[in-house]
Amino acid sequence: VKAIKENDTTRPVSTIYGHVPPSDIIAALSDVDVWGLNVYTGTSFGDLFEQWASLSTKPFFLGEYGSDAFNGIDGLVDETMQAGYVDALTKEINANASVNGSGVCAGGMVFEFNDEWWKFSGGSPWEHDTGSSWENGAYSDPGMHEEWWGLVDIDRTPREAYEAYKSIQAPTP
């Protein structure tokens with residue numbers, strides 16, 4: 001961060017952290033201007049916004065949030081489930097948006113735009129693998145299916161989550 005600022009004082013410096021960094025990390029990176037947090041906590045961010053406000057006065061954004069579209073419990077694509085997560089989380093971001101004075105969040109990026117068929121370890125880049133890559137108990141299906149996170153599928157066909165996201169009004173001042 002210091003090297004960047006020594007070479008360019010005109011642009012803010014950002015970093016991404018997985019969830020909320022502890023106070024010693026925030027202190028060690030005190031020259032960071034804007035923090036990005038990748039947060040996967042199910043249908044709600046819980047006390048994330050309050051947590052951040054208690055740790056820092058700097059702005060933050062959600063670098064990644066969302067849900068996959070594959071329901072491994074039932075073994076099927078569940079676009080309604082994914083749309084529910086994206087809708088609830090995006091509305092929560094908007095309710096805590098710094099732009100409208102109601103919060104500390106500068107915005108967020110849904111993870112992700114389109115499916116990635118290459119992500120399942122040991123899978124094929126030519127098949128939409130349904131194996132779970134990691135576990136997260138905050139979701140109704142704790143198996144996270146890395147290849148199924150897109151708002152659109154591999155052919156760029158919009159999913160229900162895309163339509164839900166598109167229909168949410170951005171916060172305004």
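Scan Asp129, Asp155, Asp115 and give me the residue that is more than 24 Å from Gln169 (Cβ to Cβ), more than 17 Å from the chain's Cα centre (by Cα), of a type outside the set (Val, Ile, Thr) and surrounded by 14 or more Cβ atoms within 10 Å (Cβ to Cβ). Don't jump to the end; show me each part of the working.
On the way: Asp155 fails: surrounded by 14 or more Cβ atoms within 10 Å (Cβ to Cβ); Asp115 fails: more than 17 Å from the chain's Cα centre (by Cα).
After ruling out the rest, the residue left standing is Asp129.
Every listed requirement among (1) touching a strand residue (DSSP E or B) at 6+ places or on another chain (Cβ under 8 Å); (2) free of Cβ contacts under 8 Å to residues at least 60 places away in the same chain is met by Phe111 save one, (2). Looking for something more than 26 Å from Tyr17 (Cα to Cα), assigned to a loop (DSSP other than H, G, I, E, B), in contact with a helix residue (DSSP H, G or I) (Cβ under 7 Å, 6 or more places away or on another chain) and not acidic (Asp, Glu) - is there at least one such residue anywhere in the stretch 125-147? There is at least one residue in the stretch 125-147 that is more than 26 Å from Tyr17 (Cα to Cα), assigned to a loop (DSSP other than H, G, I, E, B), in contact with a helix residue (DSSP H, G or I) (Cβ under 7 Å, 6 or more places away or on another chain) and not acidic (Asp, Glu).
Just to check your reading of the model, which residue among Val39, Val32 is closer than 19 Å to Tyr139 by Cα and of a type outside the set (Asp, Glu)? Can you show your working first?
Values: Val32 fails: closer than 19 Å to Tyr139 by Cα.
Going through Val39, Val32 in turn, the sole match is Val39.
Answer yes or no as to whether Trp134 is touching a Pro at 6+ places or on another chain (Cβ under 6 Å) and without any contact (Cβ under 8 Å) to a residue 60 or more places away in the chain. Can you show your working first?
Working: touching a Pro at 6+ places or on another chain (Cβ under 6 Å): no; without any contact (Cβ under 8 Å) to a residue 60 or more places away in the chain: yes.
No, not satisfied.
Against the criterion of being among the hydroxyl-bearing types (Ser, Thr, Tyr), within 16 Å of Ala161 (Cβ to Cβ) and in contact with a Leu (Cβ under 9 Å, 6 or more places away or on another chain), Tyr85 does not qualify. Within the set Gly36, Gly66, Gly42, Gly46, the sole residue that is open to solvent by 10 Å² or more (accessible area, probe 1.4 Å) and either closer than 30 Å to Pro158 by Cβ or in contact with a strand residue (DSSP E or B) (Cβ under 7 Å, 6 or more places away or on another chain) (or both) turns out to be Gly46. Across the stretch 49-63, the qualifying residues are those that are modelled with pLDDT of 95 or more and exposed (fewer than 15 other Cβ atoms within 10 Å of the Cβ), and the one among them that is farthest from the chain's Cα centre (by Cα) is Ser54. Only one entry of Gly150, Gly101 meets the criterion of being under 30 Å from Pro173 (Cα atoms), surrounded by fewer than 14 Cβ atoms within 10 Å (Cβ to Cβ) and out of contact with any helix residue (DSSP H, G or I) (no Cβ under 8 Å at 6 or more places or on another chain), and that entry is Gly101.
Here Ala106 passes the criteria (1) in a strand (DSSP E or B); (2) surrounded by fewer than 16 Cβ atoms within 10 Å (Cβ to Cβ); (3) of a type in the set (Gly, Ala, Ser) except the one numbered (2).
The values are calculated or read from the model by the stated rules, or taken from the named source; none is laboratory data. Predicted model, so just to flag it, every value in this text is computed and none were measured. Positions of Cβ are generated from backbone atoms using ideal geometry, with glycine treated the same way; all protein chains shown enter the neighbour counts. These accessible areas exclude ligands, DNA and RNA; they are computed on the full protein's heavy atoms, side chains included. Shrake-Rupley method; radii C 1.70, N 1.55, O 1.52, S 1.80 Å.
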